[in-house]
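Remarks on the structure that follows.
The values are calculated or read from the model by the stated rules, or taken from the named source; none is laboratory data. Predicted model only: the values in this text are computed from it and were never measured. For neighbour counting, all protein chains shown are included, and Cβ atoms are generated from backbone atoms with ideal geometry for every residue, glycine included.
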Amino acid sequence: MELLKIATKPILDFINQNPSQIWRTAVNMLDKDSVEHFLRHNPVGPSLSPGALDMMKLLLALEGFPEHSFLSIYENSFIFLIKT
């Protein structure tokens with residue numbers, strides 16, 4: 001869980017500055033990135049190693065998510081994990 005928080009905190013902080021205006025910018029920047037690509041090659045924060053990604057997928061039951069859009073999964077799932 002901490003790895004996910006560390007890797008996604010910069011984008012969450014960026015979006016939270018002004019969600020209604022910044023969301024479109026975030027979509028334009030990141031919508032084509034899969035979850036795995038975003039976390040492995042994070043353009044806004046620390047990137048995770050392949051081993052860290054595998055561990056996170058296993059521990060957070062994220063199998064099947066890595067190939068989906070990062071922002072789609074973030075908007076619908078990760079936001080709840082991170083805020084808890």
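Values as computed for the structure displayed
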read-out	value
Number of the condition not met by residue 3 [criteria: (1) part of a loop (DSSP other than H, G, I, E, B); (2) buried (at least 17 other Cβ atoms within 10 Å of the Cβ)]	(1)
Whichever residue in segment 6-43 is small (Gly, Ala, Ser) and closer than 13 Å to residue 69 by Cβ and, among such residues, is surrounded by the fewest Cβ atoms within 10 Å (Cβ to Cβ)	34
Some residue of segment 54-76 being surrounded by 14 or more Cβ atoms within 10 Å (Cβ to Cβ), modelled with pLDDT of 85 or more and touching a helix residue (DSSP H, G or I) at 6+ places or on another chain (Cβ under 9 Å)	no
Qualifying residue in segment 17-38 (condition: over 15 Å from residue 75 (Cβ atoms), part of a helix (DSSP H, G or I) and over 12 Å from the mean Cα position of the chain (by Cα))	yes
